[in-house]
Amino acid sequence: MGQSFRLCPCDSLFPRGNKAMPDPSFLLLQSLNGLTYAMFLFLIASGLSLIFGILGILNFAHGSLYMLGAYFTQQFVSLFIDVPGQFWWAVVFASLTIAALGAVIERFFLRHLYGREELYQLLFTYALVLILADFAKIIWGTGQFSVSRPALLKGAVSILDQYFPTYNLVIIFLGPCLAFTFWFALLRTRWGRKIRAAALDREMLSSLGVHVTRLFTVVFFIGAWMAGLGGALVSPVSAIVPGMDVEVIINAFIVVVIGGLGSFWGTFLGSLIVGQVYALGILVFPRLSLAFIYVLMALVLIIRPWGLLGRPLQR
Amino acid sequence: MKRFLQIASICSLVLVFAFSAYGAGKPIKVGFPMILSGGGALFGKPSSVGAEMFVKELNAKGGVLGRPIELIIRDCGNTPEEATRVAREIILKEKVDFMVGGLTASQGLALSEVAKTEKVVYIAPISKTTAMTDPGKLHPYVFRAAANTNTEGRSAAVFMAKNPWTKIATLGPDYEYGQMVTKAFVEWMKKNKPEVQIVHQGWPKLGETDYTPFIAPLLAAKPEAAFLSLWGGHFVTFAKQAKPYGFFEKVKVVAAGEGGSPETGMSLKDDLPLGITTNAYDVFYYPDTPEHKSYVERLKAYTKQEYAPSWAITGYIAVQFLAEAIEKAKSTDKMKVIKALEGLTINTPIGKQTMRAKDHQATRGQVWGTTAKVPEYPFPILRPVEYIPADNLMD
Amino acid sequence: MSKENWILLLIILLLLCIPLTESRFYVFLGTDILIFGLFAVSLNLLLGYTGLVSFGHATYFGIGAYTCALLMKKASVPFPLAFAAAGALGGISALIIGFFCVRLTKVYFAMLTLAFSQIVWAMAFKWNSLTGGDNGLVGVPFPQFLDSKVLFYYFTLGVVAGSLFLLRKVVNSPFGRILTTIRENPERTEFIGIHVKLFQLIAFMISGVLAAIAGALFGIFNHSVFPDILFWPASAEVLIMTLLGGIYNFFGPLVGAAVLLFVRMEVTSYTEHWPLILGFTLALLLFFFPGGIMGFLQARFARPGGNR
């Protein structure tokens, strides 16, 4: 059986191996993998979408906040050695640190660019990407870090005679829980209502006496917190390396574009879609799966630019 | 424009003064573009440190032909594009005649091209792809001190073949190195053990951060063993993600890509899968020769680390080849150095190495072994471990 | 001749004299700056003149580079033909991509340009048999009648100078003035009867052609073409060059390219922390020097004037 080594895309249209019919347990496993990835994406993307919806800024540095969340988690874990529940404490501290960082960035820097053209705000966030990445390199060096899974969740559960990591399962449940909590907060709390109002009409809100600038800082704080949380939770699963910021931000962009910039449930839906496309795309088009996700993004922008659940753009 | 020329000329003057204050004779400049940032820096940095240490020790003994070597180390980024740009800048600005560097296979190919067009002697310390020394691509200026994908893939196949497994999967990064080493593995297996079936091939992209979508399809094909070619940090990520799936219990693994390096062991600690066969360029605990022990001690002192990095040997040996070739040629004339390099045998801390004349490739083998936990160290190491020479595995 | 034209002539004379310094390094740097200068100026047609923020301009640069290199290397097409084909393909792809992009505004426009650039990048990255994949195309031949670095430098100078001359004519023509009107207020321009999208599309196409020409020159200059020139940070880099030089000035982007390339080369020989320095510089630029270098110089020295 000659396994010829042709490197052409037509190769990938015919998956290798002697799988007659992929068995359902394996498909389920693959799908669960996609779900796990989707949840991490959701954490970052929701912060990104929130910031865009309220402040109108597409924050390139959101991936950097995610990365720093992971780095700080690693740092706190080694600080809290011998503390029970060290991983979860580290997650809390790390995500709050990033949230504070986000608030500082908004309050002292981004705020001064509000009157300007969007290009300047966008490029400033790109400048932040460069600065924060080097900042991480200076503090933690170029090595690769690793955080162990929390002791309770080290193992795996058996699903249809396949193993699936317990930690990943927890993430899959945690994701929607966080989503619902947020949605509930947006709907019911005072701050939530102000945020939703600000998304609809900033000026009106200001004339009603709401301290809009403080609101913006709160929004950035929350957005950064989500990103930091995403990075913290991903640290036992993924590599904490330089470059993870660039990698993740593009995927986050794709998620919010597909779901709809500024739409909460759109972001959730977008994450699910992107997660599944990644996981299942590898089975169907192993070599071309890279381009798939960008094609999807382009299609959405062409056919329905405001995303699946976004609001149609005002002309 | 005038301003620019003014500034540029002042800069060059300053540099010239800096050089002339350097040492007895005019230094021999060697360009050293290496990955110092981003994902590849994990190995790039120690590699440059190894080169630095060699040069420092050599210069203390009087240098080469009475002249000190000056290593011009620059971050060449993670892509071949950046490596090309940086290399050309070094060559044209610093006017170097010799270059050692590049890490990934694509960078090796790119730098080989730069060496060809700028006519600079280039020794690759790490890039393994055989494409660099293939008849079509080989040219007088390129040399490789590293092992190549044939040696590595075939060594893995030799180990694999010792066991009764017949259903094998492969998982490697989808770029030049991964493709070439897997190809070498598969071809050697087919030739020497035709009953083996390759039941699945996974190709995550280089630098993939989430390997989980690749794990399930591989397990679904139910292989008995797998040949992995994920290297460095990528292997670390994969191991962490695969462990909860019971991957290493279900599938026996032979891994190329230096999973046996102490750096990997220290990074993964308890998450390093035990009982897998993997390799390394150099391990501080083997071989037990006086040269190697002395090298390890010096490296520890130079880096002030408790455990000497294993990737330092790559930069060290590459520059050693160059220095001894210049010494043998008694000149820095490029053509003479090239002639001196061909067939040159040197005594490195890990034994004798020869640079073959026919394809400018060093007979570089690697250390292979099985991962195990040992009481002496807080991280797993390779035990048993042996050096697999390259001589019988190269074309 | 106006003062500005005298300065231009002086600069061109200086550029002509660079090879006389016998320094391979200056010829190398000069060629590099000219190529990226053209690339940045082409972007500025969209950014500074039409007000369109493209985050995927590297697409056309890359298409130009790959087209020219592939035709010359694999199909042995003579250089003039390959060069022209590169420009043409750049224009055609800009037409197709632009058609979809101009229907959107602001952030969505930028996102779509980014999406398309990533698609093209993914194609170049994965289509090993055509583009060599992530190994790139190595060993791109020099065109026969230009087989020395110096000759190629003069050729580049000629091409870039010619392109800039043509572009200047375009920008100062009624067409160019309509573009700036569109930049200022697209709705009002639509009201007075101008088909805004068509004009934006034409500007898109022109800038695509010029970027592709710059890319074709680059492929030969570099002797190799890698997919990294299509990856989105490359688009960000040229945006920074343009902004650094000044988007409200015709020659701003060229100045920006020169300064960025030169400073990068100097800084990287002293430190590994170029991204930090670049980030800080960019931030300073955005906060305090929105007009870029040329904007700053013009405000200080020149008489108050409009967009030239």
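The values are calculated or read from the model by the stated rules, or taken from the named source; none is laboratory data. What you see is a predicted model; the values in this text were computed from it and never measured. When we count neighbours, we look across all protein chains shown, and the Cβ atoms used for this are built from the backbone with ideal geometry, even at glycine.
Exactly one residue out of B:GLY38, B:GLY108 is without any contact (Cβ under 8 Å) to a residue 60 or more places away in the chain, outside any helix (DSSP H, G or I) and either among the small types (Gly, Ala, Ser) or within 14 Å of chain A (Cβ to nearest Cβ) (or both), and it is B:GLY38. Among the residues of segment C:79-101, those identified as closer than 21 Å to C:GLY48 by Cβ and away from every other protein chain (no Cβ under 12 Å) are C:GLY90, C:GLY91, C:ALA94, C:GLY98. Here B:LYS56 fulfils each of the conditions (1) among the charged types (D, E, K, R); (2) at pLDDT below 90; (3) not in a loop (DSSP other than H, G, I, E, B) apart from (2). Quick check on segment A:298-312. Is at least one of its residues surrounded by 19 or more Cβ atoms within 10 Å (Cβ to Cβ) and of a type in the set (Val, Ile, Thr)? Yes, there is a match, as at least one residue in segment A:298-312 is surrounded by 19 or more Cβ atoms within 10 Å (Cβ to Cβ) and of a type in the set (Val, Ile, Thr). Here B:ALA216 fits the description: out of contact with any strand residue (DSSP E or B) (no Cβ under 7 Å at 6 or more places or on another chain) and either within 13 Å of another protein chain (Cβ to nearest Cβ) or part of a helix (DSSP H, G or I) (or both). Residues that are among the charged types (D, E, K, R) and either modelled with pLDDT of 85 or more or at positive phi (or both) within segment A:263-303 are absent altogether. The residue that is farthest from the other protein chains (Cβ to nearest Cβ), counting only those in segment A:98-119 that are acidic (Asp, Glu) and part of a helix (DSSP H, G or I), is A:GLU106.
If you filter segment C:50-69 down to residues that are within 14 Å of chain A (Cβ to nearest Cβ) and of a type outside the set (A, V, I, L, M, F, W, C), you find that the one that is farthest from C:GLY208 (Cα to Cα) is C:GLY51. Taken together, the residues in segment C:236-280 that are surrounded by fewer than 22 Cβ atoms within 10 Å (Cβ to Cβ) and among the polar types (S, T, N, Q) amount to 3. State which residue is farthest from the chain's Cα centre (by Cα) when the search covers only segment B:226-263 and only residues that are within 9 Å of chain A (Cβ to nearest Cβ) and of a type in the set (S, T, N, Q). Restricting to residues being within 9 Å of chain A (Cβ to nearest Cβ) and of a type in the set (S, T, N, Q), the top hit is B:GLN241. The residue of segment B:186-206 that is surrounded by the most Cβ atoms within 10 Å (Cβ to Cβ), among those that are more than 7 Å from chain A (Cβ to nearest Cβ) and in contact with an Asp or Glu (Cβ under 8 Å, 6 or more places away or on another chain), is B:PRO204. For segment C:102-113, the set of residues classified as surrounded by 21 or more Cβ atoms within 10 Å (Cβ to Cβ) and either charged (D, E, K, R) or at the interface with chain A (Cβ under 7 Å from one of its Cβ atoms) (or both) consists of C:MET111, C:LEU112, listed by residue number. The residues listed here are A:VAL219, A:VAL277, A:VAL241, A:VAL248; of these, the one that is more than 11 Å from chain C (Cβ to nearest Cβ) and within 11 Å of the chain's Cα centre (by Cα) is A:VAL248. You will find that of B:THR303, B:THR277, B:THR289, B:THR332, the residue that is polar (S, T, N, Q), surrounded by fewer than 19 Cβ atoms within 10 Å (Cβ to Cβ), in contact with a strand residue (DSSP E or B) (Cβ under 7 Å, 6 or more places away or on another chain) and more than 28 Å from A:ASP23 (Cα to Cα) is B:THR332 and no other.
Among the numbered conditions (1) surrounded by fewer than 18 Cβ atoms within 10 Å (Cβ to Cβ); (2) among the hydrophobic types (A, V, I, L, M, F, W, C); (3) outside any helix (DSSP H, G or I), the only one that C:ILE12 does not meet is (3). For segment A:141-151, the count of residues that are within 14 Å of chain C (Cβ to nearest Cβ) and surrounded by fewer than 16 Cβ atoms within 10 Å (Cβ to Cβ) is at least one.
Among the residues of segment B:179-202, those that are closer than 26 Å to B:THR104 by Cβ and either among the charged types (D, E, K, R) or modelled with pLDDT under 90 (or both) comprise B:LYS183, B:GLU187. Of everything listed in (1) in a helix (DSSP H, G or I); (2) without any contact (Cβ under 8 Å) to a residue 24 or more places away in the chain, the single unmet condition for A:ILE171 is (2).
Checked against (1) part of a loop (DSSP other than H, G, I, E, B); (2) at negative phi, B:GLY77 passes all but condition (2). Looking across segment C:267-295, the residues that are within 16 Å of C:MET241 (Cβ to Cβ), more than 7 Å from every other protein chain (Cβ to nearest Cβ) and not in a loop (DSSP other than H, G, I, E, B) come down to C:VAL267, C:TRP274, C:ILE277, C:THR281, C:LEU284, C:LEU285, C:GLY292, C:ILE293, C:MET294, C:GLY295. For B:GLU327, the conditions (1) touching a Leu at 6+ places or on another chain (Cβ under 8 Å); (2) part of a strand (DSSP E or B) all hold with the exception of (2).
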